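A.B. asks: Structure below; questions to follow.
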Amino acid sequence: MRMMLLRKWMMAGLLSATLLSAGMPAAGVWAEETGASEAAPSGGQPDATVQAPGAPNPAAVQAENLPIFAGDKVIQGVTNREDSYFEISKSRKVMPGSYIELQFGHSPTPLAKKSTLTVMLDDVPLGSVFLDEKNLEGAKWKLDLSAFPFKEGFHKLSMITHMEVSDNLCDDENNTANWMIFSKSSLIHLNFAKGYNTADLAYYPAPFLEKGSLRPLVAAFVLPADPDEAELSALTSMSQFIASQVPGNRLNFQVYREVDLTDQAVQGKHLIWIGESGKWKTYGKTVEDQIRKNHEAQGEQGFIALSASPWNSALSELFISGTAADLTHAAAILTNEGYYSQLSGDFIPVPKELAALAQQPAAADQSRGNNKFVTLADMGYGNLTVESPLVGGAHINYNVPSGWKISGGAKLKLLFKHSKTLNFAQSVMSVKVNGQPVDSRKLNEETSEAGSLELNLTNDMIGDSGVIAIDISFQFSSDTGKAACTGNSQIGNWAVINSSSSLSFEVAPKGSMDLSDLPSPATVQSGWSNAALVVPAQPTAEELSTLATMIGTYGKSMKTQDGLTVVSASRNDLGQVLKDKNILYIGAAGKMPEFLGSAKEGLVRYQQNEIVPASKDIELLPALRKQAAWLEVMKSPLNSSLGAVVISATEPQKPPLVAAVMSDPDKASKIAGKLTVIDSRQQTHVFQTAAPVQTKTGAKQLGSLFSVAGTTVLNRLLFIGGFIGLLLVLGLILWFTRYKRK
């Protein structure tokens with residue numbers, strides 16, 4: 001499980017980075033030559049986030065330490081290249097004092113004068129060192145980045161290793177003593193400052209979300225004291241969009257009501273205000289009045305505005321105001337790149353009508369019915385390049401849509417090309433799926449122009465994890481002589497896997513409801529599925545924060561919020577609205593609609609301020625009953641063909657327990673079964689319950705013994721006749737026994 005989570009963590013970061021980097025501009029010449037410093041014994045690692053010395057305030061200059069590897073990374077073989085990606089958002093610029101710090105060690109067997117480590121950034125060499133006794137164990141290598149010309153977008157950090165143990169490269173390649181290890185403490189230390197003088201909507205979603213940061217979410221939401229459905233819907237749209245911008249992160253949103261704000265709260269974070277005109281009373285009214293005065297906005301005119309905080313000039317306020325329809329349009333603008341990429345300045349009126357924008361086709365849009373066809377581009381990858389080493393590889397992860405299973409296996413089609421200068425007799429392409437070898441093929445003249453490899457993947461190869469991990473490896477050989485592993489030239493060794501490569505398969509519903517499949521049944525494949533989010537009347541800040549966190553977590557992979565309706569639990573027609581929808585309730589148990597709280601499908605009830613098991617399969621200690629949160633999945637009590645998910649707690653202040661668990665990958669992975677209860681320590685307790693077993697009383701058991709229901713009339717008569725005959729025989733035996741005694 002730990003290795004699976006580690007792989008998911010690493011691939012989550014590479015998923016968005018790998019092919020985005022393909023569109024990255026070519027790196028310019030480094031203005032200042034920097035040599036590699038001599039390796040030294042390892043020291044302590046700096047803190048994960050530190051303020052640069054002498055910075056006037058936290059908003060002016062900050063520093064972050066970005067990890068290069070998710071865990072200790074072992075490298076084996078003669079020549080290998082490990083690429084790692086990190087992002088610099090357009091709203092930030094890298095300041096002097098930034099550096100790379102590698103911590104590593106290696107086997108004592110490599111030849112010191114032939115074994116090297118080279119570091120490159122955007123394919124520009126930063127330095128090289130020999131692998132010798134000086135850096136045999138616990139070595140630290142620090143490379144200065146102060147003069148590197150960083151640009152907006154993704155940057156590629158490459159560690160290229162070459163290790164020789166003997167004079168025979170064939171033997172070296174297969175020698176298990178030929179290894180090197182990079183410590184997980186290796187890091188990229190970056191000093192940041194704002195990339196602009198004054199706040200501008202052209203940088204949105206910055207400064208509220210800083211992509212590429214260890215802690216990308218640096219803002220909180222604010223809603224009026226009693227938010228309505230339009231304001232709640234805008235909140236869910238914004239949280240879903242922000243979470244989608246950092247797919248490798250789990251965000252825990254903080255939402256305030258205006259009445260919850262304090263001077264300390266408004267001075268500590270960037271704030272995103274969402275509210276209809278006239279509903280702000282205190283802090284919100286101060287910001288709104290300032291914006292309307294500066295931009296001469298009249299009456300209830302809807303607008304999106306960006307301004308400096310009245311309470312801390314280093315912070316920014318994003319203010320969304322207007323009618324209910326204005327909030328809907330404003331949320332659409334701020335969650336669609338086709339719209340928000342057109343923004344500039346610090347104020348725009350909200351248009352009364354919005355032209356429909358063409359959406360990029362999603363993977364599901366290219367499919368028909370249950371037959372799915374997904375390309376690498378649909379997964380977020382671009383052309384994958386493997387170059388230079390003797391052995392190199394590319395890694396692809398595909399997550400099977402939630403709530404579905406693959407039936408009948410899948411077909412993997414790889415389209416590729418490679419260098420023509422290879423020794424084809426010694427050059428091979430290999431494919432593994434979920435760690436299992438699938439096929440190996442020799443490269444040839446034909447595949448150098450346009451290679452194609454089609455593989456049938458069985459259900460056993462795919463497994464039940466919901467992840468298809470594809471590893472594509474190339475073994476290159478450039479030597480055309482008889483001694484294939486000597487005099488090897490690395491220049492010109494390359495292969496490119498085309499982004500049109502695809503997976504095709506047929507999916508079927510899993511047919512069971514389990515919390516491990518969340519957000520199913522509220523979603524189907526890559527979109528919301530006729531779902532209704534039920535929000536309690538007068539929600540607390542804790543309930544709103546949990547709501548935003550859960551929708552952000554569930555909706556980050558979705559293109560739009562179509563298919564999700566936000567409904568207040570206070571509606572008089574609530575039952576009518578929900579009867580044809582999958583239900584998702586997020587809120588305290590005391591505010592839960594009666595038909596959910598007392599549903600016969602439910603496994604727990606909320607009674608007298610505590611949760612009580614409604615099934616004999618569930619046992620809860622008294623302390624857990626009184627202070628806990630829980631997640632439960634069941635059939636909808638209003639429509640047995642649909643589903644319902646309940647995310648609740650014994651107190652209005654307890655829902656953040658769920659958000660805290662969901663924002664932690666390790667803890668979130670433990671949510672499963674029909675019911676998961678979370679205690680005050682954020683520990684999860686999973687209950688897998690079977691259908692209730694009906695116990696029979698003694699009378700019923702006796703009745704069932706003599707039950708002849710369901711038999712034919714003739715069989716019934718024979719049974720009755722046989723039973724009477726048996727009684728007669730027993731009677732005769734008893735009479736005869738007594739007669740003989742006399």
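The values are calculated or read from the model by the stated rules, or taken from the named source; none is laboratory data. All values reported here derive from a predicted model rather than from experimental measurement. Don't worry about glycine lacking a Cβ; one is built from the backbone with ideal geometry, like all the others, and counts go over all protein chains shown. Heads up: the accessible areas ignore ligands, DNA and RNA and are worked out on the full protein's heavy atoms, side chains in. Shrake-Rupley method; radii C 1.70, N 1.55, O 1.52, S 1.80 Å.
A.B. asks: Would you mind checking the pairs Lys269/Lys352; Lys93/Lys140; Lys93/Lys151; Lys432/Lys556 and listing those with alpha carbons more than 20 angstrom apart?
C.D. replies: Working: Lys269/Lys352 31 Å; Lys93/Lys140 26 Å; Lys93/Lys151 8 Å; Lys432/Lys556 29 Å.
Cα-Cα > 20 Å for Lys269/Lys352; Lys93/Lys140; Lys432/Lys556; rest within.
A.B. asks: Still on this model: Can you tell which of Gln264, Gly248, Asn294 lies farthest toward the positive end of the dipole of the range 220-308, using +1 and -1 charges on the Cβ of basic and acidic side chains (Lys, Arg; Asp, Glu)?
C.D. replies: Farthest along the dipole direction, towards plus: Gly248.
A.B. asks: Return one whole number: the accessible area per residue of the range 172-286 in Å², for a 1.4 Å probe. Intermediate values should be presented prior to the final figure.
C.D. replies: Numbers: 4090 Å² over 115 residues.
Ligands and nucleic acids excluded, the result is 36 Å² per residue.
A.B. asks: Further question on the same structure: Leaving out same-chain residues fewer than 8 places away, which lysines sit with a Cα under 16 Å from that of Lys293?
C.D. replies: In chain and number order, the partners are Lys285.
A.B. asks: A further question follows. As a test of the definition: which semi-axes, in Å, follow for the range 214-300 when you take the square root of five times each eigenvalue of its alpha carbon gyration tensor? Largest first, please. Walk me through the numbers before you get to the answer.
C.D. replies: Values: eigenvalues 117, 45, 34 Å².
Semi-axes (√(5λ), whole Å): 24, 15, 13.
A.B. asks: To continue, here is another question. Please report, in cubic angstrom per residue, the volume enclosed by the convex hull of the alpha-carbon atoms of the range 75-221.
C.D. replies: Numbers: hull volume 18.3 nm³, N = 147.
Expressed per residue, the convex hull around the Cα atoms of the range 75-221 is 124 Å³.
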